[in-house]
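Here is the structure we will look at, set down as structure tokens.
The values are calculated or read from the model by the stated rules, or taken from the named source; none is laboratory data. All values reported here derive from a predicted model rather than from experimental measurement. Please note: Cβ atoms are built from the backbone with ideal geometry, for glycine as well, and neighbour counts cover all protein chains shown. Heads up: the accessible areas ignore ligands, DNA and RNA and are worked out on the full protein's heavy atoms, side chains in. Shrake-Rupley method; radii C 1.70, N 1.55, O 1.52, S 1.80 Å.
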Amino acid sequence: MFTAVITGTGAYLPSRIVTNKELESVVATSDEWIISRTGIRERRIAAPEEATSDLAYYAAVGALEQAGLEAVNIDAIIVATVTPDMLFPSTACILQARLGASKAVAFDLSAACTGFIYGLELARTAIFAGSWQHVLVVGAETLSRIVDWEDRNTCVLFGDGAGAAVVSRAMATDEVTAPHAKNIMARILGVHLGSDGSQGEVLTLPAGGSRRPATADSVLSRQHFVHMNGPEVYKFAVRIVGEAADALLSKLGLAYGDIDYFIPHQANLRIIEGFAKRMKLPLSKIPINVEKYGNVSSGSIPIALHEFAPMFQPGQKIMLIGFGGGLTWGACLLEW
Ligand code: ACO
């Protein structure tokens, strides 16, 4: 019986740090306001010559190295992103060419901040079905290119970055059956996904697609930037993180006490604290890095997974929980 395991992770954050103080000269805001409402102290912003595939590339190279794989061993590349280099070709195909992953099928996945979890589930089920042996799942964003730097409601919240994981085929006995992969970091025990398109209007990028193609007017009316109903997104997020966790735990016959760490999408410290309070979880069980990177959308969870991996011990259970535009949500349980 096959099982899906993570054999490597990687992350890349652009070197430029933009502090809240620096944003005070961009929009009418303050370090104090941003910290008290979001917990964010700084974020990374990509260099002008960097696009999403560049960030994805460095995260992918790290994940492949850790898995002990050459790019040519990869069967599929899934890039979750809402900030592709361009509408097409896909960022995944651009990444495939740069990596030299000639055997891989490559495609992008659009599920906003939940994209990485959706990607893990696609990888897991394809591995079960026997279709692929090694899948590179990447969450990569250059959100600085789609936020309105004149809108203080949104521009302070987001950052750029990428994270990646290699998902490989293994046996239930902890043996990697897919050739070449060296180590098992974590077994994927289960995934729960959800979507609610009826609420999609609370978080959108209205123009630039077939509904509202780019025109001089769409540019002038700032329709190519993120539009967000902050309070509605906040309410949705606090509710859905708990519901996603509940659904996955009941699917697997587990309880909150069985989980050692929760890694929610790092959108906002208040959302994380709201979830912790609602679920009566100590914050010590929730590793947090939102203060350093802001909300990196699909990059958020794989960056956190890579960053916090050294603290996890064999046998521990770690739940990843995503939520975002669409609306979408998902939870994934890993056993280290
Ligand atoms: N600096 C100063 N003032 C600001 C700023 C800012 N950066 N942004 C908004 N304000 C002002 C507003 O203009 C408003 O002023 P007004 O009352 O004069 O109109 C006021 O602050 C609103 O203040 P609050 O009601 O206290 O703000 P709130 O507590 O709702 O916090 C926030 C706003 C942080 C956006 C909150 O709604 C939130 O966290 N929403 C979730 C958004 C989120 O995390 N999105 C992530 C993307 S979605 C995803 O990842 C799934």
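What to note about this one:
Table: residues versus (1) crowded, with 24+ Cβ neighbours inside 10 Å; (2) among the aliphatic types (A, V, I, L, M).
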{"position": "264", "(1), (2)": "yes, no"}
{"position": "267", "(1), (2)": "yes, yes"}
{"position": "273", "(1), (2)": "no, no"}
{"position": "280", "(1), (2)": "no, no"}
{"position": "283", "(1), (2)": "no, yes"}
{"position": "287", "(1), (2)": "no, no"}
{"position": "290", "(1), (2)": "yes, yes"}
{"position": "296", "(1), (2)": "yes, yes"}
{"position": "305", "(1), (2)": "yes, yes"}
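- Flag for residue 140 being more than 16 Å from the ligand (Cβ to nearest atom) and either touching a residue at least 12 places away in the same chain (Cβ under 8 Å) or open to solvent by 20 Å² or more (accessible area, probe 1.4 Å) (or both): no
- Candidates 74, 6, 40 - the one that is closer than 30 Å to residue 92 by Cβ, within 16 Å of the ligand (Cβ to nearest atom) and β-branched (Val, Ile, Thr): 40
- Out of 253, 197, one residue alone is surrounded by fewer than 14 Cβ atoms within 10 Å (Cβ to Cβ), over 19 Å from the mean Cα position of the chain (by Cα) and within 24 Å of residue 316 (Cβ to Cβ). It is 253.
- Screening the candidates 309, 276 for the property of being among the small types (Gly, Ala, Ser), out of contact with any helix residue (DSSP H, G or I) (no Cβ under 6 Å at 6 or more places or on another chain) and either assigned to a helix (DSSP H, G or I) or at pLDDT 95 or above (or both) yields one hit, 309.
- Restricted to the stretch 1-59, the set of strands (runs of 3 or more DSSP E) holding at least 2 residues that are of a type in the set (A, V, I, L, M) comprises 2-12, 16-19.
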